[in-house]
Amino acid sequence: MWKKIRNFVYDSCDVMELVMAMLVLIAIFVAFISLWEPFMEFVNSRFEHGSFLTFVGYVFNILIGIEFLKLLCHPNANTVLEVLTFLVARHMIIEETSVVENLLSIVSIAVLFAMKKYLDLPTNEEGTDMFVSDYDWKKFHEKRKQKRDQVIHERSERLKQHTKPLQMEDSD
């Protein structure tokens, strides 16, 4: 009985996530439509200091909303990293920051990119679990090795195509 209740609660959470995603989608459409007024303000005051950054701030807010919607629809480590990257980039570009804050923003973006590249976290087949506890790590490492071998093979083939073999000169 408790298992049925847990499953019901878990399924209810999925439904609530879907409802929230739909609300965020509607909010993104409203924000996108309402972007016309800030755009016209930018066009009218395009020579004033900071008018472009004000408009870009509105655009970044919509982009962050879109990334958040993607996170709600397909929660995985990559979408979390994308949302965090947009948030740090928005802070660095839009806000008036000090040199130390800019340095920290750059380092944090570098760490996010490194995590995305080197911390290849597995997801389940549907790509809906952020971290998978019962993952077949042996299969994961085999796929990774096959991918690495394929890349090495493709690069060596390209190198063979672009290089000419050394030819011995005839000494007649």
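The values are calculated or read from the model by the stated rules, or taken from the named source; none is laboratory data. For clarity, every value in this text was computed on a predicted model and none was experimentally measured. Note that each Cβ is placed from the backbone with ideal geometry, even for glycine, and that neighbours are counted across all protein chains shown. Just the protein is used for accessible areas: all its heavy atoms, side chains included, with ligands, DNA and RNA removed. Shrake-Rupley method; radii C 1.70, N 1.55, O 1.52, S 1.80 Å.
Here are a few things to note about the model shown:
- Any chance Leu159 is closer than 24 Å to Leu87 by Cα, modelled with pLDDT under 85 and of a type in the set (A, V, I, L, M): no
- The test for being in contact (Cβ under 8 Å) with a residue 12 or more places away in the chain and open to solvent by less than 80 Å² (accessible area, probe 1.4 Å) holds for Glu67.
- Consider the stretch 4-13 and keep the residues that are of a type outside the set (D, E, K, R) and open to solvent by less than 100 Å² (accessible area, probe 1.4 Å). The one that is farthest from Asn61 (Cα to Cα) is Ile5.
- Filtered residue count, the stretch 27-53, keeping only those that are among the β-branched types (Val, Ile, Thr) and open to solvent by 80 Å² or more (accessible area, probe 1.4 Å): 2
- From Met16, Met1, residue being surrounded by fewer than 14 Cβ atoms within 10 Å (Cβ to Cβ), farther than 17 Å from Lys70 by Cα and of a type in the set (A, V, I, L, M): Met1
- Note on the stretch 41-75: residues that are farther than 17 Å from Met20 by Cα and in contact with a Ser or Thr (Cβ under 8 Å, 6 or more places away or on another chain) amount to 4.
- From the list Ile5, Ile66, the lone residue that is part of a helix (DSSP H, G or I), within 26 Å of Leu119 (Cα to Cα) and β-branched (Val, Ile, Thr) is Ile66.
- Hits in the stretch 70-122 (condition: without any contact (Cβ under 8 Å) to a residue 12 or more places away in the chain and open to solvent by 70 Å² or more (accessible area, probe 1.4 Å)): Glu95, Glu96, Val99, Val100, Glu101, Leu103, Leu104, Val107, Val111, Lys117, Tyr118
- Where a residue in the stretch 20-45 is farther than 25 Å from Lys70 by Cα and in a helix (DSSP H, G or I) and its partner, wherever it lies, is open to solvent by less than 100 Å² (accessible area, probe 1.4 Å) and among the small types (Gly, Ala, Ser), with Cβ under 8 Å and at least six apart: Glu41/Ser51; Phe42/Ser51
- Positions within the stretch 84-121 being closer than 27 Å to His141 by Cα and not in a helix (DSSP H, G or I), in sequence order: Leu119, Asp120, Leu121
- On inspection, Glu126 fails the criterion of being exposed (fewer than 14 other Cβ atoms within 10 Å of the Cβ), at pLDDT 75 or above, over 26 Å from Ala31 (Cβ atoms) and touching a His at 6+ places or on another chain (Cβ under 9 Å).
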